[in-house]
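Okay, so here's the structure we're looking at.
The values are calculated or read from the model by the stated rules, or taken from the named source; none is laboratory data. The structure displayed is predicted, hence computed values, not measured ones. All Cβ positions, glycine included, derive from the backbone under ideal geometry; neighbour counts span all protein chains shown.
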Amino acid sequence: MGMKLAFSTLGVPGLPLTDVLGLATTHGYHGVELRAHPEEPVHPGLGPDERAAVAAEFRAAGVEPLGLAGYARVAAPGDDEPVLAEIRGLLDLARDLGAPYVRVFPGGGTEQSAEEADATAARRLGTAAEYAAERGVSILLETHDSHRTGADAMRVLGPVGHLRAGALWDVMHTWLGGEQPSETYAALAPHLGYVQVKDIASAEDTTPLALGAGVLPLTEVVDVLSRHGWDGWLCWEYEKRWYEAAAPLPELLGTGREHLARLLTDAA
């Protein structure tokens, strides 16, 4: 099959699910990553009937719900229970929708040492991974904020050592962290859930661009994944929600898919 392509609803803020699925089928994306925030149509506040309806819509469209992009911060200072409760809510929703993954952030604060942040994140992920296993879902720690490189993420995931606790490689953050794609892959390989692709103009201007129009090493990322026979998901995370001046994603989805398909062909 090779790598499969998805996009995140972060790029189409508030768009009804029917329209999101229409964009996926029109432009040849196999899956959709759902931003699991109360602003969006799909979030942990949905009741059982609404959840069943969402799952049925995905099935009818022939599109896979790749994952839920949640906002729990596993390294954040404070009590464990509120963080774990938030993750459990996401894992339950993922199970009900048939989504294999839930995304969490590190979110380590500056008021604690890096060692404390790592230990806190590992402890919470270890506990949450047990719950995830019961639900047949995996939790992915995104390379982001306090832990933006693969090496950073591995300081947490290594000690956890659970099959249901993995990594989400956000190619922008590892690049901003100064890590080469080959280094990130080597660090994350045993734990890699999926990969978020995107493009930006520069380290100083992270406004989202069309894929291939910016500076991120997408060719190298696809090459290294291809070389190792990795056949997971590439998900385009276009951060329209945070950059209102960015071009609308729907008009970029077709050329974006073609760009990724070209990279995959060239890498093969």
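Summed over region 154-211, residues that are of a type in the set (A, V, I, L, M, F, W, C) and in a loop (DSSP other than H, G, I, E, B) total 6. Just wondering, is there one or more residues in region 65-84 that are more than 28 Å from Pro106 (Cβ to Cβ), touching a residue at least 24 places away in the same chain (Cβ under 8 Å) and not in a loop (DSSP other than H, G, I, E, B)? Scanning region 65-84, I find no residue that is more than 28 Å from Pro106 (Cβ to Cβ), touching a residue at least 24 places away in the same chain (Cβ under 8 Å) and not in a loop (DSSP other than H, G, I, E, B), so the answer is no. For region 56-114, the candidate set comprises residues that are surrounded by 22 or more Cβ atoms within 10 Å (Cβ to Cβ) and basic (Lys, Arg); within that set, the residue that is nearest to Gly31 (Cα to Cα) is Arg103. Mind listing just one residue for me: the one in region 1-28 that is in contact with a strand residue (DSSP E or B) (Cβ under 7 Å, 6 or more places away or on another chain) and hydroxyl-bearing (Ser, Thr, Tyr) and, of those, nearest to Ala210 (Cα to Cα)? For region 1-28, the residue satisfying everything is Ser8. Every condition in (1) modelled with pLDDT of 95 or more; (2) more than 19 Å from Phe7 (Cβ to Cβ) is met by Pro190 except one, and the failing one is (1). Scan region 29-52 and tell me whether some residue there is assigned to a helix (DSSP H, G or I), within 21 Å of the chain's Cα centre (by Cα) and under 21 Å from Arg241 (Cβ atoms). Checking region 29-52: not a single residue is assigned to a helix (DSSP H, G or I), within 21 Å of the chain's Cα centre (by Cα) and under 21 Å from Arg241 (Cβ atoms).
Between Gly89, Gly109, which is over 21 Å from Glu237 (Cβ atoms), in contact with a Pro (Cβ under 8 Å, 6 or more places away or on another chain) and modelled with pLDDT under 95? Walk me through how you get there before you give the answer.
On the way: Gly89 fails: modelled with pLDDT under 95.
Residue meeting the stated conditions: Gly109.
Restricting attention to region 21-32, the residues being in contact with a Pro (Cβ under 8 Å, 6 or more places away or on another chain) and within 20 Å of Val102 (Cβ to Cβ) number 2. From the list Thr174, Thr207, the lone residue that is crowded, with 24+ Cβ neighbours inside 10 Å, farther than 20 Å from Pro82 by Cβ and polar (S, T, N, Q) is Thr174. Check whether at least one residue in region 17-24 is assigned to a helix (DSSP H, G or I), without any contact (Cβ under 8 Å) to a residue 24 or more places away in the chain and buried (at least 21 other Cβ atoms within 10 Å of the Cβ), and report yes or no. Looking through region 17-24, at least one residue is assigned to a helix (DSSP H, G or I), without any contact (Cβ under 8 Å) to a residue 24 or more places away in the chain and buried (at least 21 other Cβ atoms within 10 Å of the Cβ).
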